[in-house]
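Written below as structure tokens is the structure these notes are about.
The values are calculated or read from the model by the stated rules, or taken from the named source; none is laboratory data. This is a predicted model, so every value here is computed, not measured. Heads up, the Cβs are rebuilt from the backbone with ideal geometry, glycines too, and the neighbour counts pull from every protein chain shown. SASA here: full protein model, heavy atoms, side chains in, ligands and nucleic acids out. Shrake-Rupley method; radii C 1.70, N 1.55, O 1.52, S 1.80 Å.
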Amino acid sequence: MLINSLSVFFLVYNDEHTIGKLVRDADRLLSKLNIDYEIIAGNDASSDGSLVVLEGLRKEFPNFSFYTNKTNQGYGGNLRLGLSKAKKEFVFYTDSDGQYDVKELSLLIKNLKTGVDVVNGYKKSRSDAVHRVVLGNLYAKIVRFFFKIKIRDVDCDFRLMRNALLKKFQLN
């Protein structure tokens, strides 16, 4: 396996009903991989019971930590902050709303090759309205063309990245 250590980061916004399962599934998967890991949650000023759930998870899992933004930073602001807190060799992040199965992180790890900095997930099928699918496909083609990236689903926030790559960018 090419990974010795991994930071898992969950973006949390009013996800009290899903974040617990995600952290439990992630911890179960990572403990089987026999690597050094941490699980971080970034609570973006949730107004539901997310904070209470996160406090309970911190007591339950020694490799788990979280922070809470006093005011909502939005997706990008919370993502930048969370990624800057990741300390391990690789970083995985996804949303905490449960739309992705964190156990599929093992597929990203399996597809990591020497010299590859990013492995990106993708949705096998979309349940969006036709106009959203068409616009999404057009947007993806434009992004791939202008940025010269080879990512199948540019909107899929299920990513495994080399932390050294992230450190090259000014995230804060």
Qualifying residue in the stretch 153-164 (condition: at pLDDT below 75, closer than 25 Å to GLY74 by Cα and not acidic (Asp, Glu)): yes
Members of the stretch 23-44 that are among the aliphatic types (A, V, I, L, M) and either touching a Leu at 6+ places or on another chain (Cβ under 8 Å) or open to solvent by 30 Å² or more (accessible area, probe 1.4 Å) (or both): VAL23, ALA26, LEU29, LEU30, LEU33, ILE35, ILE39, ALA41
Residue match in the stretch 33-51 (condition: modelled with pLDDT under 95 and part of a helix (DSSP H, G or I)): yes
Residues of the stretch 1-17 satisfying the condition of being closer than 17 Å to ALA45 by Cβ and either among the β-branched types (Val, Ile, Thr) or assigned to a helix (DSSP H, G or I) (or both): VAL12
Which numbered condition GLY56 fails, given (1) farther than 23 Å from MET161 by Cα; (2) open to solvent by 60 Å² or more (accessible area, probe 1.4 Å): (2)
Test set (1) out of contact with any Ser or Thr (no Cβ under 6 Å at 6 or more places or on another chain); (2) farther than 29 Å from LEU112 by Cα; (3) not aliphatic (A, V, I, L, M) - GLU16 fails condition number: (1)
Residue, farthest from LEU83 (Cα to Cα), within the stretch 95-142, restricted to residues that are modelled with pLDDT under 80, of a type in the set (Ser, Thr, Tyr) and open to solvent by 100 Å² or more (accessible area, probe 1.4 Å): SER127
Qualifying position, being touching a strand residue (DSSP E or B) at 6+ places or on another chain (Cβ under 8 Å) and within 14 Å of ASP157 (Cβ to Cβ), among TYR67, TYR100: TYR100
Among (1) at pLDDT 95 or above; (2) loosely packed, with under 15 Cβ neighbours inside 10 Å - the single one ASP15 does not satisfy: (2)
Given (1) over 16 Å from the mean Cα position of the chain (by Cα); (2) open to solvent by 30 Å² or more (accessible area, probe 1.4 Å); (3) farther than 23 Å from PHE169 by Cα, number of the condition GLN73 does not satisfy: (3)
Out of GLY98, GLY49, GLY76, sole residue that is closer than 22 Å to GLY121 by Cα and in contact with a His (Cβ under 9 Å, 6 or more places away or on another chain): GLY98
